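To start, the structure itself, in structure tokens.
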Amino acid sequence: MHDFEKLGAFYLGKRHDTEANQLTEELVLYDSRDLTTHAAIIGMTGSGKTGLGIGLLEEAALDHIPVIAIDPKGDMGNLLLTFPKLRPEDFRPWINERSALDKGQTPDEFAAAQAALWKKGLGDWGQSGERIARFRNSADLAIYTPGSNAGLPVSVLQSFAAPGAELLDDVDLYRERVQATATGILTLLGIDADPVTSREHILVSRLLDNAWRAGRDLDVPGLIRDIQDPPISQVGVMNLDAFFPARDRFALAMRLNNLLAAPGFEAWMQGTPLNAGKLLYTDAGKPRISVMSIAHLDDAQRMFFVSMLLNEIIAWMRAQPGTSSLRAILYMDEIFGFMPPVANPPSKALFLTLLKQARAYGLGLVLATQNPVDLDYKGLSNTGTWFIGRLQTERDKARVMEGLEGAGGGNFDRQVMERTIAGLGKRQFLLHNVHEDEAVVFGTRWVLSYLAGPLTRDHIRTLMSAARNKLAAMARAVSKPQRKPAAQKPALPPGIDEYFVASNAEDIVYHPRVIAGGEIVFANARYNVEAERRVMHVAEFEDGPVDVDWDNGEALSVDLDDLRQSGAAGAAYAECPAAASNAKTYASCGKNYKRWLRQNETVTLYRSKRFRLTSAADESEGEFRARLQDVASEKRDVAIARIRKRYATRLTTLENRLLRAEQTIAVQQEQSSKRKLDTVVSFGTAILGAVLGRKKLSSSTATKMGTAIRTASSARKEAADVERARQTAAKVRADIEALNNELEQEVAALDTAFDAQAEELRETVVRARSTDIHVAITGLAWLPYTPDDNGRLRPAW
């Protein structure tokens, strides 16, 4: 195993000797746990900043750490351009044909040259196609394109979901979420709204607060209706109409309605819901690298999306248990404009919240920029790691030094740092880590991903076509065949309870289904299970011997309190089958439903023998595997820290011996030099006395010669003492190196190569007792559907 193939250590590159101006063979490994105190990457265009960032995220994936990467420039999608076999035909679709022309090569020749270049580059850094394959297998990779269907679409505006109880209980954090959401919406409308003085901002904030405190999600149509007909009558001590007249509210509602009706805006309403947990892990619990590509958006849309995403990440973060290990990474490839030193866009307060609080939850932020002047360094004063590359202007250097000085503590030497930064070359970075004793200059390693440059929407569409088609097929599968609607609701005999599922859509067609729902209590002392589950299911009426088969039913994600007693005005209704008009149908359906729940609604527990952990009752297999990965990382970090602590005393003793040996060398060298000088003077005086006196050696001259000889003997002894001191220092250095090697071997021997996806889990199924199943409702449900552009019906709830 290579020295860098250790979980918990990110292989960044090799140390650069600044005096000799050459790359050494000393590996630069970064402790992943240090990233919980966040990192900043700063460097001008061409400094190698993108390569460093991509390499960092590759290492995270190899360490099973999930990532959300915000990509304003289009470079981070290169993470998906990974070709384990390194064949020219793999590179061919992604090369820059203009570059091939400039080199006088055909596209095929250029692709072959790029493949050869990548193979050689990887080999020079101790890597190969096998490491690329491990990277691809370690994480699921996807590119999301909010407001576009080029990549995977993200449903941002479909719902402003009410936050959980944890966020509601945190007054400051909840207020920030309300204000940031309101600011984002108004920014999308082109309204530069101050939270204190803008009546638009105050109104939207109050409407969000009113809905969320009631546990009600808002969507855009619902917000439009609330603006026109607010569920509040006062703002502060003022009457609502005096504060914001109805005519002006209508104008604001129209602006939001026009945005909703604009061509192409439906892309903001479609796709995967904006959910941080789903962006970080697949349903099976596999870590993900989710690249949020926003290069195609304008400035207002970017600010809106980033604010909504940060809100969601904060809500997810606050729901996690604390940890000292790195759980996930939030990466932003260019933070210019999102955390400026003077202005206060909605994203700034959210980034500052994350920088202050994310460490306790194991979320590490990596913020990159090529514009140091437009960055709030006070906000980054607690950032633990700085990667500094080539800088363009003296002003840039001064701003970076300001940030480094704020984060450097008492050991910061400004003059040394300035000289070091001034001498950096391409793909060279100064790594300043507050968790290490000294800064280091290093050259970045060769990345596993092919750096093709910014990806266009066509590139992204090609990369994500398979995943997009899969999602489209799933969406078609849930669409129901359209029945011929009737103008009015069919009349039903008395004794049949009817329920209507609420919808804000237009052109609604209601379809009849059997509905049943209730509560299940799972209690099992042996497995320490005590859980309640609310359930609700609907099923179509059958034409066979059984009126309703619950095996063909589906769960309805609607709360009992959200069911209505009447349908929407002007809606159409599908035909009602004969079984729906028979009251006895529902009685038998209720009994069958209870039996079906007993058999099918279960709690599956997952047990890890290795960690002696069992999943919680409401924890899916994917969530449990993700938790196991966190537990493994924590245990690994604790074990490594324990080993390092054990070696620290021995290392300190050796370092003190080395310091004394070096001090002895200095003293002995000084004494030896003085002895040599005394010997030369003594011999010189005696000989000169004999020669200049033009006489035979007198007794005094002989005495002087004897003294000179004794002085020479002492000089030889001092020289021998210097050599012995040097040998002692060399032995201590060898002992220190041996101790470090012993430490590294013990760390490497730890069983840290844990992959939660490969862990074998034992499953235990817990069923509820019949007496613990309560069926609260059984009746006829009218489900709202609405036609899409192709005439197919899709759910409208």
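Conditions (1) surrounded by fewer than 20 Cβ atoms within 10 Å (Cβ to Cβ); (2) in a strand (DSSP E or B), marked per residue:
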site: Leu23; (1), (2): yes, yes
site: Asp34; (1), (2): yes, no
site: Ala40; (1), (2): no, yes
site: Ser47; (1), (2): no, no
site: Thr50; (1), (2): no, no
site: Gly53; (1), (2): no, no
site: Glu58; (1), (2): no, no
site: His64; (1), (2): no, no
site: Phe91; (1), (2): no, no
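For the range 234-248, filtering for residues that are within 18 Å of Asn210 (Cβ to Cβ), open to solvent by 70 Å² or more (accessible area, probe 1.4 Å) and part of a helix (DSSP H, G or I) leaves 1.
Looking across the range 599-615 at every residue that is without any contact (Cβ under 8 Å) to a residue 40 or more places away in the chain and part of a loop (DSSP other than H, G, I, E, B), the one that is farthest from Asp772 (Cα to Cα) is identified as Phe611. Scanning the range 107-126 for residues being open to solvent by less than 70 Å² (accessible area, probe 1.4 Å) and either free of Cβ contacts under 8 Å to residues at least 40 places away in the same chain or under 23 Å from Leu463 (Cβ atoms) (or both) gives a total of 12. Please determine, by comparing only the residues of the range 499-509 that are at negative phi and either in contact with a Ser or Thr (Cβ under 9 Å, 6 or more places away or on another chain) or among the basic types (Lys, Arg) (or both), which one is surrounded by the fewest Cβ atoms within 10 Å (Cβ to Cβ). Step by step, filter the range 499-509, then rank; the result is Glu506.
Residue by residue, here is whether (1) over 30 Å from Lys286 (Cα atoms); (2) touching a residue at least 24 places away in the same chain (Cβ under 8 Å); (3) in contact with a Cys (Cβ under 9 Å, 6 or more places away or on another chain) holds:
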position	(1), (2), (3)
Asp562	yes, yes, no
Ala572	yes, yes, no
Pro577	yes, yes, no
Ser588	yes, yes, no
Lys594	yes, yes, no
Glu621	no, yes, no
Ser633	no, yes, no
Arg644	yes, yes, no
Thr652	yes, no, no
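Residue check: is Lys85 in contact with an Asp or Glu (Cβ under 6 Å, 6 or more places away or on another chain) and either outside any helix (DSSP H, G or I) or of a type in the set (S, T, N, Q) (or both)? It is false that Lys85 is in contact with an Asp or Glu (Cβ under 6 Å, 6 or more places away or on another chain) and either outside any helix (DSSP H, G or I) or of a type in the set (S, T, N, Q) (or both).
Having 3 or more residues that are free of Cβ contacts under 8 Å to residues at least 24 places away in the same chain and under 24 Å from Glu438 (Cα atoms) is the bar; report the helices (runs of 4 or more DSSP H) wholly within the range 296-411 that clear it.
Numbers: elements: 299-318, 346-357, 394-408.
It comes to 394-408.
For the range 727-760, filtered to residues that are out of contact with any strand residue (DSSP E or B) (no Cβ under 8 Å at 6 or more places or on another chain) and not in a helix (DSSP H, G or I), the residue that is most open to solvent (accessible area, probe 1.4 Å) is Glu760. Within the set Glu623, Glu619, the sole residue that is crowded, with 16+ Cβ neighbours inside 10 Å and assigned to a loop (DSSP other than H, G, I, E, B) turns out to be Glu619. Quick test of your reading of the structure: Ala579 fulfils all but one of (1) open to solvent by 30 Å² or more (accessible area, probe 1.4 Å); (2) in contact with a helix residue (DSSP H, G or I) (Cβ under 7 Å, 6 or more places away or on another chain); (3) not β-branched (Val, Ile, Thr). Name the failing condition by number. All conditions are met except number (1). Restricted to the range 530-561, and to residues there that are surrounded by 12 or more Cβ atoms within 10 Å (Cβ to Cβ) and in a helix (DSSP H, G or I), the residue that is modelled with the highest pLDDT is Trp550. Within the range 181-206, the set of residues being open to solvent by 20 Å² or more (accessible area, probe 1.4 Å), within 17 Å of Ile232 (Cβ to Cβ) and among the hydrophobic types (A, V, I, L, M, F, W, C) comprises just one member, Ile202. Candidates are the residues of the range 354-383 that are more than 24 Å from Glu405 (Cβ to Cβ) and open to solvent by less than 20 Å² (accessible area, probe 1.4 Å); the one that is nearest to the chain's Cα centre (by Cα) is Leu363.
The values are calculated or read from the model by the stated rules, or taken from the named source; none is laboratory data. Here the structure is a predicted model, which is why all the values come from computation and not from measurement. So basically every Cβ, Gly included, is an ideal-geometry build from the backbone, and we count neighbours across all protein chains shown. These accessible areas exclude ligands, DNA and RNA; they are computed on the full protein's heavy atoms, side chains included. Shrake-Rupley method; radii C 1.70, N 1.55, O 1.52, S 1.80 Å.
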